[in-house]
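These notes are about the structure you will find just below.
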Amino acid sequence: VYEVHEIVVQKVGHVPLAKGDFTHLPKKVKIFLAHCVQLCKPRGIYICDGSAEEADEIIHKLLERGTLTRLTKYKNNYLCRTDPDDVARVESKTFITTANKYDSVPHVREGVKSALGCWMSPEDMKVELDHRFPGCMSGRMMYVIPFCMGPLGSPLSKIGVQVTDSNYVLLCMRVMTRVSPKVWELLGDDDFVKCIHSMGCPRPVQRRVKNHWPCNPEKVIIAHFPEERKIKSFGSGYGGNSLLGKKCFALRIASVIARDEGWMAEHMLIMSITTPKGKEYFVSAAFPSACGKTNLAMLNPSLPGFRIQCVGDDIAWMKFDEKGVLHGINPEAGFFGVAPGTNMKTNPNAVLSFQENSIFTNVGETADGGYFWEGLEDEVPPGIGITTWLGQPWHIGCPGKAAHPNSRFTCPASQCPIIHPKWEDPKGVPISAIIFGGRRPTGVPLVFEAKSWAHGVMIGACVKSEATAAAEFQGKTIMHDPMAMRPFMGYNFGHYLQHWLDLEKPDRKMPKIFHVNWFRLDNNGRFLWPGFGDNIRVLDWILRRVDGDASIAVDSPVGWIPKKGSIDLSGLGSINEDELFSLPHDYWLEDSRESRSFLKSQVGPDCPPIIYRLLEDQEAAFVKQ
Ligand code: GDP
Ligand code: PGA
Ligand code: MN
Ligand code: MN
């Protein structure tokens, strides 16, 4: 005698569920998924549970198809080579859509294109999306990813649900965010950020697929609807375009939520520094993409007695608590770091973080099954055969590069040997200082300090940097990247500056604000500053300033600068201190004018008047000199 179990196949519309349980999902999620199914027409629905078995299954599929290669030198490490046309964020195809244009972008000078975000009207956006999304997942599986930005259950955390037709994206989302069925319980009837991602390559495939990486570079669009808390991304699988929890949600959408709720969503690392005296400080730092956040967050200090611990390397959500102290969390769960330049000398803590359970995108591969990129020359067997990110045979000394300059490692933050015990503390960590910086080959000293909160906001608004490979820009032109947020602004930048200014209240302990530059060059084009582990010397000075040591700073038109001899340079060999700290008069006069003209043309009347006033004061101080 045997019982017959009837297996009920769940369906959404006519689309079968390959995994998971639809019937018990929160109602708003069901409505969202029904919409996604109707729009994208996938062949099946796969509701992710974040389990280890699920990861194994996805990895197996990707290996079978050839999208991933196992890096046999390590445990559970994989290489992915993308379509060579899909390797970076595409800022020119990233849009914010709001009913009112000026909610998204400032009133720019007539005839000028906005550099601080790109707005598209709801009507035009509808046309663009209608050209792309209907049927875009045809013949493909739709993965449903419940994720939490920030520790599960933290009052500072936020929930999103992403659908995607890319299992590479699913795999990376599992590393970069907290993917768990607990998210459904936490969510209940609440709203969530709706994330729809498609590689834009339905079956039967229309274009030639390269490297088993179906994508659609000609039709890429990354659309944000802050009012509806919705993101629609099409055509690209590159991290910043496709892991929607990261830049799209945690910066662009979250900056809008933060404005409404009175907190901050910033492109910042968070790190802890314990001094030789045993006192611990937390600082956050905003540098544009590929300008040193990940390295600073995990720095290996060259001064004895200091200890660094990492809380986050790319994004900070920060809120003043009831006592007026700014607290920050890292909303992410992994690191998506620039590979080239990363090695045991520059960033051992990153290297130790990605020895297992990691994904390497567009790096080279050594003949013994290891990863390779520029900067690892001394850490691989001499003469070893290498396959480039484009699949070509290569060896050290050959022309060209083994890895794409924006190649990346994706690894769990929990594997970082110096991850801070409080990195998942729901309360966050107290922030004592905020540091801005960028790649400034000339004119800008190693470090200076703002004279007030508003002055610090002005300094942040004037951040510039050499362009890097993190986006589609070419060459080494110096670009404005105010607050290191240029590509990530979710609303009118003038309103954003006002929001920063409004955060200052008498009963709050405002963090001190600094600006650093590790990238100043000498006349021969060599870095004046060794950087990396030696940046602790600058942090040491910053912390003494946080503690109010007035004897180590002198006044200057740009802010407080270190008094000669006040930065510990012991054991460094020859450092050209005068050049490193100089404020070339003509350079700064021109730079102050240029920054003011940039803000005038890009932010115009939306820029708070005090920012203009502080810049005029700076300019006047240089004129007087
Ligand atoms: P992020 O994208 O802002 O996180 O920047 P990363 O920390 O990944 O660094 C980007 C690139 O800058 C890498 O190639 C690093 O090796 C390089 N870099 C980082 N910190 C320093 C530094 O202090 N000095 C110099 N010269 N290069 C650095
Ligand atoms: P990054 O992160 O800032 O570490 O380069 C990725 C990005 O900003 O595109
Ligand atoms: Mn970034
Ligand atoms: Mn980084």
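If you go through the range 254-263 one residue at a time, do you hit one that is within 16 Å of ligand 4 (Cβ to nearest atom), surrounded by 23 or more Cβ atoms within 10 Å (Cβ to Cβ) and within 19 Å of the chain's Cα centre (by Cα)?
No: zero hits.
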Inset, instruction - Specify the residue that is farthest from ligand 3 (Cβ to nearest atom); the eligible residues are those in the range 294-343 that are farther than 20 Å from Lys158 by Cβ and among the β-branched types (Val, Ile, Thr). - result: Val325
Legend entry - Neighbours by Cβ (under 8 Å, 6+ apart or cross-chain): first from the range 325-349, closer than 15 Å to Val363 by Cβ and open to solvent by 10 Å² or more (accessible area, probe 1.4 Å); second more than 13 Å from ligand 1 (Cβ to nearest atom) and among the acidic types (Asp, Glu): Asn343/Asp378; Asn343/Glu379
Inset, instruction - Pick out the one residue from Gly160, Gly245 that is within 16 Å of ligand 4 (Cβ to nearest atom) and open to solvent by less than 10 Å² (accessible area, probe 1.4 Å). - result: Gly245
Inset, instruction - Quick one: which residue in Val447, Val463 is β-branched (Val, Ile, Thr) and more than 20 Å from the chain's Cα centre (by Cα)? - result: Val447
Legend entry - Residue count for the range 266-289, restricted to those that are open to solvent by 30 Å² or more (accessible area, probe 1.4 Å) and either within 16 Å of ligand 3 (Cβ to nearest atom) or modelled with pLDDT under 95 (or both): 0
Inset, instruction - Say whether the condition of being within 11 Å of ligand 1 (Cβ to nearest atom), assigned to a strand (DSSP E or B), within 18 Å of the chain's Cα centre (by Cα) and not aromatic (Phe, Trp, Tyr) is met by at least one residue in the range 278-286. - result: yes
Inset, instruction - For residues that are within 32 Å of the chain's Cα centre (by Cα) and of a type in the set (A, V, I, L, M), scanning just the range 369-398, find the one that is surrounded by the most Cβ atoms within 10 Å (Cβ to Cβ). - result: Leu376
Inset, instruction - May I ask you to verify whether Ser198 is surrounded by 19 or more Cβ atoms within 10 Å (Cβ to Cβ), more than 27 Å from Ala413 (Cβ to Cβ) and of a type in the set (Gly, Ala, Ser)? - result: yes
Inset, instruction - Out of the residues in the range 569-602 that are aromatic (Phe, Trp, Tyr) and closer than 14 Å to Val623 by Cα, state the one that is least open to solvent (accessible area, probe 1.4 Å). - result: Trp588
Inset, instruction - Output the number of residues of the range 454-471 satisfying the condition of being away from ligand 1 (no atom under 16 Å from the Cβ) and touching a residue at least 60 places away in the same chain (Cβ under 8 Å). - result: 7
Legend entry - Identity of the residue in the range 603-625, among the aliphatic types (A, V, I, L, M) and assigned to a helix (DSSP H, G or I), that ends up most open to solvent (accessible area, probe 1.4 Å): Val623
Legend entry - The one condition in (1) more than 16 Å from ligand 2 (Cβ to nearest atom); (2) touching a residue at least 60 places away in the same chain (Cβ under 8 Å); (3) not in a strand (DSSP E or B) that Cys398 fails to fulfil: (2)
Inset, instruction - Return only the number of the condition from (1) closer than 24 Å to Asp260 by Cβ; (2) crowded, with 19+ Cβ neighbours inside 10 Å that Lys509 does not satisfy. - result: (2)
Legend entry - Odd one out for Pro155 among (1) open to solvent by 10 Å² or more (accessible area, probe 1.4 Å); (2) in contact with a strand residue (DSSP E or B) (Cβ under 8 Å, 6 or more places away or on another chain): (2)
Legend entry - helices (runs of 4 or more DSSP H) within the range 166-266 that include 3 or more residues among the small types (Gly, Ala, Ser): 239-242, 254-261
Legend entry - Enumerated strands (runs of 3 or more DSSP E) restricted to the range 461-536, each holding at least 3 residues that are within 15 Å of Gly117 (Cβ to Cβ) and within 16 Å of ligand 3 (Cβ to nearest atom): none
Legend entry - Filtered residues of the range 309-322 (kept if open to solvent by 10 Å² or more (accessible area, probe 1.4 Å), away from ligand 4 (no atom under 14 Å from the Cβ) and touching a residue at least 60 places away in the same chain (Cβ under 8 Å)): Gln309, Lys319, Phe320, Asp321
Inset, instruction - Could you tell me whether any residue of the range 269-285 is touching a Ser or Thr at 6+ places or on another chain (Cβ under 7 Å), of a type in the set (Asp, Glu) and away from ligand 2 (no atom under 14 Å from the Cβ)? - result: yes
Legend entry - Checklist (1) under 22 Å from Ala55 (Cβ atoms); (2) within 26 Å of the chain's Cα centre (by Cα) applied to Val193, failing item: (1)
Inset, instruction - Under 6 Å between Cβ atoms, at least 6 apart or on separate chains: pull out the pairs that start in the range 285-297 with a residue that is on the phi > 0 side of the Ramachandran plot and end on any residue that is more than 7 Å from ligand 4 (Cβ to nearest atom) and among the hydroxyl-bearing types (Ser, Thr, Tyr). - result: Ala290/Thr468
Legend entry - Residues of the range 424-453 satisfying the condition of being polar (S, T, N, Q) and either under 22 Å from His495 (Cα atoms) or free of Cβ contacts under 8 Å to residues at least 24 places away in the same chain (or both): Ser452
Legend entry - Unique match (being modelled with pLDDT of 95 or more and within 25 Å of Val380 (Cβ to Cβ)) among Pro304, Pro340, Pro331: Pro340
Legend entry - Given (1) more than 25 Å from Gln309 (Cβ to Cβ); (2) without any contact (Cβ under 8 Å) to a residue 40 or more places away in the chain, number of the condition Pro584 does not satisfy: (2)
Legend entry - the range 20-36, subset under 20 Å from Ser198 (Cα atoms) and free of Cβ contacts under 8 Å to residues at least 60 places away in the same chain, residue least open to solvent (accessible area, probe 1.4 Å): Ala34
Inset, instruction - Take the residues in the range 103-150 that are among the β-branched types (Val, Ile, Thr) and closer than 30 Å to Lys182 by Cβ, then tell me which one is farthest from the chain's Cα centre (by Cα). - result: Val144
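The values are calculated or read from the model by the stated rules, or taken from the named source; none is laboratory data. What you see is a predicted model; the values in this text were computed from it and never measured. Note: ideal-geometry Cβ built from the backbone for every residue, glycine included; neighbour counts use all protein chains shown. Side chains included, ligands, DNA and RNA excluded: accessible areas come from the protein's heavy atoms. Shrake-Rupley method; radii C 1.70, N 1.55, O 1.52, S 1.80 Å.
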